[in-house]
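Structure, as structure tokens:
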Amino acid sequence: MPARIHPPTPSNLRRLAAALRRGALVAVPTETVYGLAAHALDVRACRAIFQAKGRPANDPLIVHVLDLAHAEQLAEFNPAARRLARRFWPGPLTLVLPKKTCVPDIVTSGGDTVALRAPAHPLARRLLRLANIPLAAPSANLFGYISPTEAKHVTDGLGRRIKHVLDGGACAVGVESTIIDLTNPTKPRILRPGAVSAAALAKFLGRPVAQAPRKAMKGRQLAPGMLARHYSPRTPLVLRSPRGRRPDNVAGIFLRKPAGRTGRDIYWLSERGALAEVARNLYRVLRAADQGGHRQIWAEPLPAAAGGLAVALHDRLQRAAAKA
Ligand code: TXA
Ligand code: MG
């Protein structure tokens with residue numbers, strides 16, 4: 001049976017929360033991207049996540065919790081981590097910390113740290129409250145493909161592999177959370193850039209925060225799962241200005257709507273170039289361009305040096321364009 005997209009009625013939320021408690025998989029909206037959620041303390045449920053996504057076992061899962069109090073049941077917090085959680089949760093920040101013994105090995109891929117985040121999306125929070133369990137949830141896409149920011153994106157990829165998708169509309173942020181490793185609180189490290197910038201984190205912590213390497217390294221894992229190639233369309237994607245002449249059947253993705261140009265090979269990420277809008281539209285536009293039957297896609301490179309959200313967007317585009 002293909003997956004059902006459930007509108008977020010109170011009775012559906014109750015039913016889906018109960019299904020999660022029993023070990024079922026439910027795709028859930030968050031403010032960043034849709035996650036494929038399962039009971040984080042149920043080994044079989046977590047194994048089903050890896051199977052549904054085709055995700056390699058060495059790529060650990062993020063665990064979603066309602067708040068800091070619930071997070072402290074799963075990981076050893078230090079004062080810096082507590083401060084960040086109080087300041088940025090609920091929101092698009094994931095903390096990597098030493099795990100407590102209750103967290104099963106399958107969640108952490110056998111490692112001794114766990115990634116935790118309290119999502120801000122009201123539906124994710126209602127499910128967490130109703131289910132009253134921590135939810136392991138990677139992005140709800142087939143491994144390596146573009147992350148889903150709408151319920152329909154989830155069923156496009158996983159429609160035959162899972163049963164339930166909770167519909168929360170389009171995701172407000174649109175790119176995955178910032179991941180910061182605080183295992184050593186004196187040497188905080190960003191593992192994945194996101195909407196919470198390195199500068200904001202450094203300022204708040206009052207110490208430098210090591211940035212994820214700008215350039216994705218081909219074929220190498222920086223941290224578990226941080227592969228050079230990721231978030232990728234099937235159509236070859238090149239980071240190159242689409243402004244000049246493009247060969248036949250090569251689509252162009254512009255940062256802002258190009259004046260006076262239309263056509264089925266023209267896409268844009270924002271009306272006027274606002275980065276929050278680019279982030280919100282990025283994965284939907286990449287998916288649309290990927291399904292447009294083009295030979296190649298040229299995407300306008302982003303000014304990563306602009307800092308903030310531009311760093312995250314540049315990172316995702318670079319990984320989407322990386323060769324296998
Ligand atoms: O915004 C998000 O973070 C979304 C929503 C659903 O919350 N989730 C998400 O999950 O992007 P996923 O699995 O697609 O990406 C999580 C990344 C992976 O690259 C994984 O390797 C890394 O987090 N990760 C998980 N646990 C880790 C750990 N203990 N140490 C280092 N990296 C970890
Ligand atoms: Mg993912």
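The values are calculated or read from the model by the stated rules, or taken from the named source; none is laboratory data. Keep in mind the model is a prediction, meaning the values are calculated, not measured. Cβ coordinates were reconstructed from backbone atoms using ideal geometry, including for glycine residues, and neighbour counts include every protein chain displayed.
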Specify which of the listed residues (PHE50, PHE77) is aromatic (Phe, Trp, Tyr), farther than 17 Å from LEU127 by Cβ and assigned to a helix (DSSP H, G or I). PHE50
Out of the range 25-48, which residues are in contact with a strand residue (DSSP E or B) (Cβ under 7 Å, 6 or more places away or on another chain) and either closer than 22 Å to GLY169 by Cα or at pLDDT below 95 (or both)? LEU25, VAL26, ALA27, VAL28, PRO29, VAL33, TYR34, GLY35, LEU36, ALA37, ALA38
Checking GLY308 against (1) touching a strand residue (DSSP E or B) at 6+ places or on another chain (Cβ under 9 Å); (2) over 14 Å from GLY174 (Cα atoms): exactly one of these is not met. Which one? (1)
Within the range 199-222, which residues are crowded, with 19+ Cβ neighbours inside 10 Å, touching a strand residue (DSSP E or B) at 6+ places or on another chain (Cβ under 8 Å) and modelled with pLDDT under 95? ALA212
Inside the range 93-158, counting only helices (runs of 4 or more DSSP H) that do not spill past its ends, which hold 3 or more residues that are within 16 Å of ligand 2 (Cβ to nearest atom)? 151-158
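Going residue by residue through the range 93-100, is there one that turns out to be free of Cβ contacts under 8 Å to residues at least 40 places away in the same chain and closer than 19 Å to VAL173 by Cα?
No, the range 93-100 has no match at all.
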Only unsatisfied item for ALA172, checking (1) in contact (Cβ under 8 Å) with a residue 40 or more places away in the chain; (2) in contact with a Pro (Cβ under 7 Å, 6 or more places away or on another chain), is (2)
Subset of the range 134-162, residues surrounded by fewer than 22 Cβ atoms within 10 Å (Cβ to Cβ) and among the aliphatic types (A, V, I, L, M), comes to LEU142
Restricting the first residue to the range 101-125 and requiring it to be without any contact (Cβ under 8 Å) to a residue 24 or more places away in the chain, which pairs with a second residue that is more than 9 Å from ligand 1 (Cβ to nearest atom) meet a Cβ separation below 8 Å and a spacing of at least six or different chains? ASP112/PRO98
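With the condition being touching a residue at least 60 places away in the same chain (Cβ under 8 Å), I'd like the strands (runs of 3 or more DSSP E) fully within the range 242-322 carrying at least 3 qualifying residues.
Details: elements: 250-254, 266-268, 296-299.
In the range 242-322, 296-299 are the strands (runs of 3 or more DSSP E) which contain 3 or more residues that are touching a residue at least 60 places away in the same chain (Cβ under 8 Å).
Got a sec? Which of PRO60, PRO79 is touching a residue at least 40 places away in the same chain (Cβ under 8 Å) and either touching a Gly at 6+ places or on another chain (Cβ under 7 Å) or closer than 26 Å to PHE50 by Cβ (or both)?
Working: PRO79 fails: either touching a Gly at 6+ places or on another chain (Cβ under 7 Å) or closer than 26 Å to PHE50 by Cβ (or both).
When all the criteria are applied, what remains is PRO60.
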